[in-house]
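See structure below.
The values are calculated or read from the model by the stated rules, or taken from the named source; none is laboratory data. Since this is a predicted model, take the numbers as computed values, not measurements. For neighbour counting, all protein chains shown are included, and Cβ atoms are generated from backbone atoms with ideal geometry for every residue, glycine included. Side chains included, ligands, DNA and RNA excluded: accessible areas come from the protein's heavy atoms. Shrake-Rupley method; radii C 1.70, N 1.55, O 1.52, S 1.80 Å.
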Amino acid sequence: MCLAIPSKIVEIRDQMSVIDVDGVRREASLMLIEDARIGDYVIVHAGFAIQKIDATEALESLKLLRQAAALMNPAD
Amino acid sequence: MTVNGKPAYSRKELAAAFAARIRDAVRRPMRLMEVCGTHTVSIFRNGIRTLLPPEIALLSGPGCPVCVTAQQEIDAFIALARIEKVTVATFGDLMRVPGTLSTLRSEKADGRDIRMVYSALDALNIAAHNPDRRVVFIGVGFETTAPTIAASIVMAADRGINNFSVLAAHKLVPPVLAALMESGGVQIDGFLLPGHVSVIIGAQAYLPFVQQYGIPCVIAGFEAEDILNAILKLARQVANGGARLENAYKRVVSFEGNPRALALMHTVFEPVDAPWRGIGTIAASGLKIRKDFSRFDARKVFALDVPETGEPPGCACGDVLMGRKTPPQCALYKRICTPANPVGPCMVSSEGSCAAYYRYHGD
Ligand code: SF4
């Protein structure tokens with residue numbers, strides 16, 4: 001039941017936040033992470049943010065992984 | 001093909017590139033286990049099995065939370081729902097899992113108050129809004145879910161919501177991996193370790209396991225490329241006689257895990273021996289609520305005493321979870337057991353190996 005796509009924090013009230021994942025908004029508790037801010041990207045599990053991630057870095061590393069694969073066997 | 005002047009590759013081409021590398025790396029037949037149910041689904045959905053050379057067999061492991069929940073535990077959930085003034089709150093995928101005589105779904109149809117929730121906090125809110133009900137949340141899942149449930153118990157204590165309790169039936173990943181290695185008849189050459197369990201416990205949590213059993217382990221993300229990359233790393237380790245832990249999901253998983261979540265989990269829970277579906281009891285592989293929080297422990301609050309029962313006759317879920325059998329090797333698969341009419345939890349959960357085979361294998 002793991003949701004792999006990072007969600008973006010768009011609102012914070014106390015320990016609760018509103019998160020946006022691909023345009024869908026829902027609530028997520030921030031109790032399990034430190035120093036969450038609006039605009040941060042988080043991994044959410046069962047209504048709780050469980051990890052903050054650097055979205056640019058995450059995208060970059062996925063891109064690198066894909067590039068590495070492309071270099072292994074150029075398609076054209 | 002170019003995009004903005006740069007070469008671009010379709011994901012299919014990328015997957016083919018990974019597959020070619022994996023073929024190059026393979027020297028001998030190997031059996032790799034993906035521990036996590038979400039990996040199982042991603043592997044089927046992305047057709048990864050069809051990309052791999054015939055030497056690599058992928059086995060689904062004990063990482064589908066619903067699948068490993070023992071029948072006795074399901075019976076306990078049902079017994080709770082039958083107690084007066086009790087409202088049972090649960091994650092939806094438990095509803096259809098057969099207990100010895102009933103399911104939560106049929107109990108609900110019979111008028112018991114059973115609610116499907118998305119989070120432990122939803123259950124806590126139901127308790128806060130219904131002071132005349134005794135709301136019990138069913139805590140299943142692994143280290144990813146356990147801290148969320150610990151958080152709900154701490155909040156209940158802080159807010160004085162005393163009509164809330166949890167029936168804890170959590171399971172822990174490192175102990176079941178060790179049990180797998182100790183059990184006879186299981187041949188595994190490498191493990192694809194779960195992504196989000198590892199977010200909580202950190203890569204470090206597997207080091208004792210890897211050291212003790214000397215087996216290649218790679219933590220993997222959920223994208224097709226993540227999984228192929230992890231399989232490539234495993235194949236290379238197997239070829240070179242490696243026995244290392246590699247983290248191939250560094251963009252999300254750190255070495256030390258999530259200290260805050262771990263601290264909360266340890267504040268509320270302590271390890272306990274736990275029953276696993278078709279596998280039996282594994283030492284210190286579950287979590288029980290500590291004494292300090294016993295007023296939120298449904299086992300204590302309701303003095304539950306549920307007799308031990310066997311698994312449904314003929315269901316091979318235990319062997320499937322241990323990588324000893326594939327679903328088609330179960331005599332009931334497809335003939336009697338289908339997603340519409342499941343005999344065991346491995347066919348109920350969308351992450352169960354039997355359900356995934358049924359859905360993606362065609363005939
Ligand atoms: S096919 Fe059905 S009966 Fe057989 S192992 Fe899977 S869940 Fe159990």
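How large is Rg over Rh for the range B:206-249, taking Rg from the Cα atoms and Rh as the Kirkwood inverse mean of 1/r across Cα pairs?
Reported Rg/Rh, Kirkwood definition of Rh: 0.99.
With the cut-off at 26 Å, tell me which of the pairs A:Lys52/B:Lys291; A:Lys63/B:Lys233; B:Lys108/B:Lys300 have Cα atoms farther apart than that.
A:Lys52/B:Lys291
In Å and whole numbers, how far do the C-alpha atoms of the range B:168-312 stretch along each principal axis, longest first?
Dimensions of the range B:168-312 along the principal axes of its Cα atoms: 53, 37, 28 Å.
For the range B:317-360, would you read off the P(r) tail past 17 Å as a percentage of all alpha carbon pairs?
13 percent
Once you wrap a convex hull around the alpha carbon atoms of the range B:237-363, what is its projected area averaged over all directions, in nm²?
Averaging across all directions leaves 12.4 nm² for the Cα convex hull.
If ligands, DNA and RNA are left out, what is the accessible area of B:Lys108 with a 1.4 Å probe, given in Å² to the nearest 10?
90 Å²
How much net charge surrounds B:Pro216 when only other residues with a Cβ under 14 Å from its Cβ are counted (Lys, Arg +1; Asp, Glu -1)?
Result for the local shell: +3.
Using Cα positions and a limit of under 20 Å, work out the aspartates and glutamates in reach of A:Lys8, with same-chain residues fewer than 8 apart set aside.
A:Asp20, A:Asp22, A:Glu27, A:Glu34, A:Asp35, A:Asp40, A:Asp54, A:Glu57, A:Glu60, B:Glu223
Using the Cβ atoms and a cut-off under 14 Å, what net charge is assigned to the surroundings of B:Val272, where Lys and Arg are +1 and Asp and Glu are -1?
+2
In nanometres, what is the gap between the two model label sites at B:Arg115 and B:Ala239, each 7 Å from Cα along Cα-to-Cβ?
5.5 nm
Work out Dmax and Rg for the range B:143-208 from the C-alpha atoms and quote the Rg first, both in angstrom.
16.3, 50
Below 24 Å, Cα to Cα, which lysines can B:Lys334 reach? Residues fewer than 8 away in the same chain don't count.
Straight-distance partners of B:Lys334: B:Lys325.
Based on DSSP H runs of at least 4 residues, each adding -39500 (n - 2.57), what is the mean residue ellipticity at 222 nm of chain B after dividing by all its residues, to the nearest 500 deg cm²/dmol?
My calculation for chain B gives -11000 deg cm²/dmol from helical runs alone.
If you count, for each residue, the other Cβ atoms within 10 Å and average over each peptide, how do B:119-125, B:152-158, B:238-244 line up from highest to lowest?
Final packing ranking: B:119-125, B:152-158, B:238-244.
Compute the whole-percent fraction of alpha carbon pairs in chain B spaced more than 25 Å apart.
When all Cα pairs of chain B are counted, 55 percent exceed 25 Å.
For the range A:1-67, how big is Rg over Rh, using alpha carbon atoms and the Kirkwood form of Rh?
The Rg/Rh ratio comes out at 0.99.
P(r) for the range B:1-122: what percent of alpha-carbon pairs falls in each 5 Å bin, starting at zero?
Cα pair-distance distribution for the range B:1-122, in percent: 2, 9, 13, 14, 11, 9, 8, 9, 9, 7, 5, 3, 1, 0.
Identify all aspartates and glutamates with a Cα-Cα distance to B:Lys288 below 19 Å; exclude those on the same chain that are fewer than 8 residues away in sequence.
B:Glu73, B:Asp75, B:Glu143, B:Glu270, B:Asp273, B:Asp297, B:Asp305, B:Glu308
From Cα pairs below 8 angstrom and at least 6 apart in sequence, can you work out the relative contact order of the range A:7-72, rounded to a whole percent?
24 percent
Roughly speaking, what % of Cα-Cα pairs in the protein assembly as shown are separated by over 43 Å, rounded to a whole number?
12 percent
Across all directions of projection, what mean area in square nanometres is found for the Cα convex hull of the range B:50-162?
Its Cα hull, projected and averaged over all orientations, spans 9.3 nm².
Which percent, nearest 5, of DSSP beta bridges in the range A:7-72 are antiparallel?
95 percent
With equal scatterers on the alpha carbons only and no solvent term, can you work out the Debye log10 of I(q)/I(0) for the range B:82-147 at 0.12, 0.28 1/Å?
Computed log10 I(q)/I(0) values: -0.31, -1.29.
Once fully extended, how much extra length lies between A:Ala68 and A:Val24, figured as 0.36 nm per residue of separation less the alpha-carbon to alpha-carbon distance?
Full extension from A:Ala68 to A:Val24 adds 12.7 nm.
Restricting the count to DSSP beta bridges whose residues both fall in chain B, what percent are antiparallel, rounded to a multiple of 5?
So the antiparallel bridges amount to about 30 percent of the total.
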